[in-house]
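S.K.: Pasting a structure here, questions to come.
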Amino acid sequence: MLENFFTSEKSERLPQLALAFRVPEVKSLQFDESYDPLNTWRYFTHHIRRYPQDLRAHTQRVLLALQPVLHTKLCGTLQDLYLALGTAGTTLREDLLELAKPFLSNNDIQYFENWLKNGIDPAQDCAWQEGSILVAGHGVKPHALLNLQKTVAVQEYASVLDEVYDCLEYGQVERAQSLLETECLRPNHDPRLDHELLNIYQYTRDKARVNQMLNAIEQAGLDVPQSWFEKRQEAEQW
């Protein structure tokens, strides 16, 4: 499900269609000039209110905020992505911060660099920034709002893979990753689970986790699919 997130395919120009119909068809993380950056950023803002852990939407929203019309919202937009990732996706957080640095204040840069180095307690350390929707705004004590509950009970799924697909559909990437990591350490599991887990690692640019899981599979006495070795080699370029 995550295979197309990193393609370089350009979106088609369809100015006659509303964003709600056009945006889902975009296969790349970047939007061309046929998409108004402010309106497209607002589209993702509404989307993330419903699916606050949709990392693809967060990433697209940050990239949109790199454009001049959205610079005042860049810090809050980047903060939302950091909150959604939690302690995962270090490389993705680092890469997006590097892109954002020319448009951030020194204090903002120090804030995110400290977050990367030492971590933070979202309940205590997040200050509201313009553009943020995952932190409470003016007039209240700042605190993170991220709290996503799954809409389908675990026992209702026909298989773990179905639950994983549902998690990915609703942006619950960390939950999907946890499920997949558990299942990939079981003998005779569905090979599609390896495929989806490796896609998540690629999406979050988590090459350290690729190595950790590959070693864990070997230590469990299981045969390691060739795709794991190929992904480990590929991860060196992330």
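The values are calculated or read from the model by the stated rules, or taken from the named source; none is laboratory data. Computed from a prediction, not measured in an experiment: that's the story for all the values here. We place every Cβ from the backbone using ideal geometry, glycine too, and count neighbours over all the protein chains shown. SASA here: full protein model, heavy atoms, side chains in, ligands and nucleic acids out. Shrake-Rupley method; radii C 1.70, N 1.55, O 1.52, S 1.80 Å.
S.K.: Quick check on segment 169-177. Is at least one of its residues part of a helix (DSSP H, G or I), modelled with pLDDT under 90, surrounded by fewer than 16 Cβ atoms within 10 Å (Cβ to Cβ) and not small (G, A, S)?
M.R.: Looking through segment 169-177, at least one residue is part of a helix (DSSP H, G or I), modelled with pLDDT under 90, surrounded by fewer than 16 Cβ atoms within 10 Å (Cβ to Cβ) and not small (G, A, S).
S.K.: Assess whether V152 counts as being modelled with pLDDT under 90, surrounded by 22 or more Cβ atoms within 10 Å (Cβ to Cβ) and of a type outside the set (G, A, S).
M.R.: Details: modelled with pLDDT under 90: yes; surrounded by 22 or more Cβ atoms within 10 Å (Cβ to Cβ): no; of a type outside the set (G, A, S): yes.
It is false that V152 is modelled with pLDDT under 90, surrounded by 22 or more Cβ atoms within 10 Å (Cβ to Cβ) and of a type outside the set (G, A, S).
S.K.: Show me the helices (runs of 4 or more DSSP H) found entirely inside segment 12-76 where at least 1 residues are of a type in the set (A, V, I, L, M) and at pLDDT below 85.
M.R.: Counting at least 1 such residues, we get 19-22.
S.K.: Restricting attention to segment 205-228, report how many residues are outside any loop (DSSP other than H, G, I, E, B) and open to solvent by less than 60 Å² (accessible area, probe 1.4 Å). Step through it out loud before you land on a result.
M.R.: Narrowing segment 205-228 to residues outside any loop (DSSP other than H, G, I, E, B): 207-219, 226-228.
Narrowing the set further to residues that are open to solvent by less than 60 Å² (accessible area, probe 1.4 Å) leaves 208, 210-211, 213-214, 216-217, 227-228.
The total comes to 9.
S.K.: Given the options A88, A84, name the one that is closer than 20 Å to L168 by Cβ and assigned to a helix (DSSP H, G or I). So that I can check it myself, show each step before the final result.
M.R.: Working: A88 fails: assigned to a helix (DSSP H, G or I).
Going through A88, A84 in turn, the sole match is A84.
S.K.: Sort out which residues of segment 94-144 are within 24 Å of L64 (Cβ to Cβ), in a loop (DSSP other than H, G, I, E, B), open to solvent by less than 50 Å² (accessible area, probe 1.4 Å) and modelled with pLDDT of 85 or more, and write them in order of number.
M.R.: L104, Q129, G131, S132, I133, L134, listed by residue number.
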